[in-house]
Amino acid sequence: MQSELETSVRLRFAPSPTGYPHLGNIRTVLFNWLFARHHGGKFILRIEDTDVARKVEGAVEAILDSLRWLGLDWDEGPYFQSQRLPIYHEITQSLLQKGHVYSCYCSPERLQTMRQEQAKRKQPPKYDRRCRDLTQQERAQMEATGVTPVIRFRTPLDGETTICDLIHGPITFKHDTLDDFVLLKSDGYPTYHLAVVVDDHLMAISHVLRADEWLSSTPRHVLLYQALNWQAPQFAHLPIILGPDRARLSKRHGATSITEYQKQGYLPDAMANFLALLGWSLDDRTELLSREELIKHFSLERVGKAAAIFNKDKLEWMNGVYLRKLSPDEFAQRAMPFLDRDLPESVKRPLDSSYVSRVLSLIQERARTLAQAPQLASFFFLDELQYDTGLLLCGKLDAQSTAKAVTTALQYLEGVMNWNATDLENILRPLAGELSSGTREFFGLLRVAVTGRTAAPPLFQTMAILGKEKCLKRLNTALQLLSNLC
RNA sequence: GCCCCCAUCGUCUAGAGGCCCAGGACAUCAGCCUUUCAAGCUGAAGAUCAGGGGUUCGAAUCCCCUUGGGGGCACCA
């Protein structure tokens, strides 16, 4: 049975469609989602599209896609603030009547020069409240000029507001460090401060988990809640995620949008696990947690305060762990699109799925991302291998003895009836001693001939999958290359 | 300039006064396994707990200062 607290837990993710969601955004969603699911509450999606100018085409779809990819489902929404304008207007009217807000007629130009002068005088940039106490007559005059005013909040001149952050504890802000912020823009759209407060209240949001960058605007929101006579939700400000250079995550840090990680072949579960550990931990040793375990154990008490630097190496490692945990079938199913996308064009499509499955069984353990699969497996698909002939001579043997070794191997292989890994090994292993200094050299030589590389999956399994015809052909090619060196 | 937040190995972190001359993970290095690679196993190195003052019998843990880092101060969110 759920307690009353649990049924009333309502979280939300409220991105603005001004770009594609990046790691930081997604980590925030994850925490919101985990908290909601942990408490059996609701998770709501709301699009804060109140900035017409900065709106980015396709951003909303990218947000929805990212959430779906990560399996972060929502119970309500998406709501769009741009469709809720009348609500904000109505609330603004009531605030106006109660005297909590006022119309401001200052032009953007005036505000800008004001700020410039403040900067020159090393003063904090703050609205000088010129329109705060206009007389009725002055207001009428301004209205008559036809300028559309903005609506500003009448911030108390003295006193202070203490917010009780669930992660940081109590934090006090003096009102005289705040200014009269804008609630309604002249284009009729609300600012973030108005819209977020109104919607969080109307949507009965119980907990606001958002990034630390919002911490200093929280007193404004609390003041607004008070003016509206509404109960404020609980706030929890999450540590920010930084790039390796300790700067905020941005384009410069390579893959920043979450869809990019999808393209690079990371698994949603690995991503979620990794992101959960950025700012949260279960204990001193548990690192690998399934979706269910994350939900079960997530709590705000175990969220840290310090900003975290994104460590891609660890993400890759973890993704490798998840990749290896997949069943062979599932791995093949997931890797197939990547092969299709990234294998050279010369490779005929559609790919033979049963061949692909066998190939991928050797790749699974070696790939840290799905996008590495095509590169790891390419020699299985190519007709002609391109490699440096010198690789054939990496051991102590000269070109002639090497050629002899290959020739002998070919002789034996041609007669093989059952082309499988065990038989191949049984035939080739005894040859290593007589033809070369040992298995390392002999098998190494064959490996280069058959795969074109010095690092590849186990030789005999590789040959078995490649098939007799292809192997013999490649060994003959190697022989030709060697004859050029003799 | 003002306000706010933060500070444990390179990185993610454990640590809520004695269990810590600080534990785990990634990365690094070495060894084992082995036909190469990967995986796996074992081990090493890596943090005077930013610095300085207190409080205390005792501090990474509490308080203060300093320093450093980050965030905010738009008719952006």
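Give the percent of DSSP beta bridges with both residues in chain A that are antiparallel, rounded to the nearest 5.
Counting DSSP beta bridges with both partners in chain A, the antiparallel share is about 50 percent.
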Q: List the relative contact order of chain A as a percent without decimals, with contacts defined as Cα pairs under 8 Å and 6+ residues apart.
A: 12
**Q.** Anisotropy class of segment A:48-88 from Cα gyration tensor, a/c 1.5 cut
**A.** oblate
(Q) Let me make sure I get this right: for segment A:77-118, a, b and c are the square roots of the gyration tensor eigenvalues over alpha carbons, sorted descending. Under 1.5 in a/c it's rounded, otherwise prolate if a/b > b/c, else oblate. Which is it? (A) oblate
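Please state the relative contact order of segment A:63-201 as a whole percent: Cα pairs under 8 Å, 6+ residues apart?
Values: 128 pairs, mean separation 33.9, N = 139.
Once divided by the residue count of segment A:63-201, the mean separation gives 24 percent.
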Q | Range in chain A, longest, excluding exposed trypsin sites (Lys or Arg not before Pro) [loop by DSSP; at most 10 other beta-carbon atoms within 10 Å] | A | A:123-245
**Q.** Per-residue [θ]222 nm for chain A (sum of -39500 (n - 2.57) over DSSP H runs n ≥ 4, rounded to 500)
**A.** -14000 deg cm²/dmol
Q: Set the Förster radius R0 to 51 Å, insert the Cβ-Cβ distance between A:Thr148 and A:Asp340 as r into 1/(1 + (r/R0)^6), and round the FRET efficiency to 0.05.
A: 0.40
Q.
For a Förster distance of 30 Å, can you work out the FRET efficiency between the beta-carbons of A:Arg130 and A:Glu213, rounded to the nearest 0.05?
A. 0.55
Q) For segment A:25-136, what relative contact order do you get, as a whole percent, if you take Cα pairs closer than 8 Å and at least 6 residues apart? A) 23
(Q) Name the residue from A:Ile205, A:Leu166, A:Trp230 whose Cα lies farthest towards the positive end of the charge dipole of segment A:117-259, charges +1 on Cβ of Lys and Arg and -1 on Cβ of Asp and Glu. (A) A:Leu166
Q) Taking square-rooted eigenvalues a ≥ b ≥ c of the alpha carbon gyration tensor, is chain A rounded, prolate or oblate, where a/c under 1.5 means rounded and, failing that, a/b exceeding b/c means prolate? A) prolate
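Only the coordinates and a few stated rules stand behind these numbers; no lab work does. On a predicted model such as this, the values are computed, not experimentally measured, just so you know. Methodologically, a virtual Cβ is constructed for each residue, glycine included, from the backbone with ideal geometry; neighbour enumeration extends over all protein chains shown.
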